[in-house]
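Some notes on the structure that comes next.
The values are calculated or read from the model by the stated rules, or taken from the named source; none is laboratory data. As the structure is a computational prediction, the values presented were derived from the model and not from experiment. All Cβ positions, even for glycine, are placed from backbone atoms using ideal geometry, and neighbour counts span all protein chains on display.
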Amino acid sequence: MENLQRRVLAARIIAVAADAVQLGLMPLFAGGAPTGFDAVLDVAVGAAMVALLGWHWAFLPAFAFELLPGVDLAPAWTIAVFLVTRRMGQSGSSPPSVSTEPPLLPPSTSSRRR
């Protein structure tokens, strides 16, 4: 459990730091400026999120928003990570489990063929 809390904390720190770098260095990421560093940062953050937390659908729109000029200044990584980890890493709770078993159906009440 402590390992999960550390991964959640690391993911949150990375997301906040990445969004802070993009806001703090806004002139480097402005339209018309070279976007190589911005793209490398977003790919690295996305890979780190998947490595730390596993795949989640919230990472896909965050990555897409980071590719759009102007919209990439919103804290998309921070929002996505807090959405994914909102119930992870809390003491006494565990990540939601996904059942792989199909639901059991009640016996049929229709009349039997004779």
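So, of the residues in segment 19-49 that are surrounded by fewer than 12 Cβ atoms within 10 Å (Cβ to Cβ) and under 25 Å from R7 (Cβ atoms), which turns out to be modelled with the lowest pLDDT?
Result: V40.
Take segment 50-66 and flag every residue that is surrounded by 15 or more Cβ atoms within 10 Å (Cβ to Cβ) and either assigned to a helix (DSSP H, G or I) or of a type outside the set (G, A, S) (or both).
L52, L53, H56, F59, A62, F63, F65, E66
If P69 satisfies all but one of (1) under 19 Å from Q5 (Cα atoms); (2) not in a helix (DSSP H, G or I), what's the number of the condition it fails?
(1)
Touching a Leu at 6+ places or on another chain (Cβ under 8 Å) and modelled with pLDDT of 80 or more: does that describe T85?
Judged against the criteria, T85 is a match.
Find the residue count for segment 88-114, including only residues that are modelled with pLDDT of 60 or more and in contact with a Lys or Arg (Cβ under 9 Å, 6 or more places away or on another chain).
1
Out of all the residues in segment 1-18, which are modelled with pLDDT of 80 or more and either of a type in the set (G, A, S) or outside any helix (DSSP H, G or I) (or both)?
A10, A11, A15, A17, A18
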